[in-house]
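Read through the structure below, which is laid out as structure tokens, and then see the notes.
The values are calculated or read from the model by the stated rules, or taken from the named source; none is laboratory data. As the structure is a computational prediction, the values presented were derived from the model and not from experiment. Note that each Cβ is placed from the backbone with ideal geometry, even for glycine, and that neighbours are counted across all protein chains shown.
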Amino acid sequence: MAGIPLTTPLREADLRPLRAGDWVSLSGTVFGVRDATLMRICDRGVAPPVDLRGAVLLHTAPNVRRVGDRYEPISVGTTTSTRMNRFTAPLLERHGVRAVVGKGGLLEDSVEAMRAHGAVYLTIVGGAAAWETQHVEAIEAVYWEDLMPECLWQFRVRDLGPLLVSIDSHGESLYARVRDDARRRLQGLLGGGA
């Protein structure tokens, strides 16, 4: 179950056909980011050292080892996205990011930003760092090493997936569906919401 293959950089035309509930896989460049890098870009207004138009961002602070002048991945696990929610809209609007890969979901303002800018949120299985790391072919570059391990990582990935389209570019969110369904079921259990 590899899903619909996508190759970075992504275009809006690649993402608009996708719907919440679809499965995809990624090949190409994926940028690893976490709180410190996002605060530098969004809060301090420092321009990213690479062009993020069409980029896929992975919420991570990987465990790596230095070998000479490069890094090798030991464990590239994903961190929870919700705490980085406030950075989503600026990254889409100002920097042209097209997809975010994470776990735990994003909030309603990010759902609206994805709809407005033709982007998607892709969920990866939490706790599966060993599996995820197998799809990282190389760490091609590391920017802002002073933020280690929360620097800006440039990974080359092959067939990273399956990833679940949890928020699509039409404003559909699997998280909202689950929340709404849970509320309906709770009302039913409580006697019809009286």
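Key figures for this structure:
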item	result
Selection count where residues are touching a Phe, Trp or Tyr at 6+ places or on another chain (Cβ under 7 Å) and of a type in the set (Phe, Trp, Tyr), scope segment 30-88	1
Pair list, Cβ under 8 Å, 6 or more apart: segment 162-182 residue touching a residue at least 12 places away in the same chain (Cβ under 8 Å), other residue of a type in the set (Val, Ile, Thr) and in a helix (DSSP H, G or I)	167/111; 171/111; 173/111; 176/111
So residue 176, is it modelled with pLDDT under 85 and either of a type in the set (A, V, I, L, M) or closer than 18 Å to residue 63 by Cβ (or both)	yes
Test result for residue 78, of a type in the set (Val, Ile, Thr) and buried (at least 19 other Cβ atoms within 10 Å of the Cβ)	yes
Among residues of segment 59-113, those that are without any contact (Cβ under 8 Å) to a residue 60 or more places away in the chain, part of a strand (DSSP E or B) and within 21 Å of residue 27 (Cβ to Cβ), counted	5
Single unsatisfied condition, residue 61 versus (1) buried (at least 17 other Cβ atoms within 10 Å of the Cβ); (2) modelled with pLDDT under 95; (3) within 23 Å of residue 179 (Cα to Cα)	(3)
Of all residues making up segment 154-184, the number that are under 17 Å from residue 27 (Cβ atoms) and either crowded, with 21+ Cβ neighbours inside 10 Å or out of contact with any Ser or Thr (no Cβ under 7 Å at 6 or more places or on another chain) (or both)	6
Residues within segment 31-72 that are among the aliphatic types (A, V, I, L, M) and farther than 23 Å from residue 83 by Cα, tallied	3
Selection count, segment 87-123, where residues are among the small types (Gly, Ala, Ser), in contact with a strand residue (DSSP E or B) (Cβ under 9 Å, 6 or more places away or on another chain) and surrounded by fewer than 21 Cβ atoms within 10 Å (Cβ to Cβ)	1
Filter result (without any contact (Cβ under 8 Å) to a residue 60 or more places away in the chain and either under 20 Å from residue 114 (Cβ atoms) or surrounded by 21 or more Cβ atoms within 10 Å (Cβ to Cβ) (or both)) within segment 9-50	13, 17, 38, 41, 42
First in segment 128-150 and under 15 Å from residue 72 (Cβ atoms), second anywhere and among the basic types (Lys, Arg) and in a strand (DSSP E or B), Cβ under 7 Å, 6 or more apart	135/158; 137/156; 137/158; 138/156; 139/70; 140/156
Candidates 24, 46, 50, filtered to the one that is among the β-branched types (Val, Ile, Thr) and not in a loop (DSSP other than H, G, I, E, B)	24
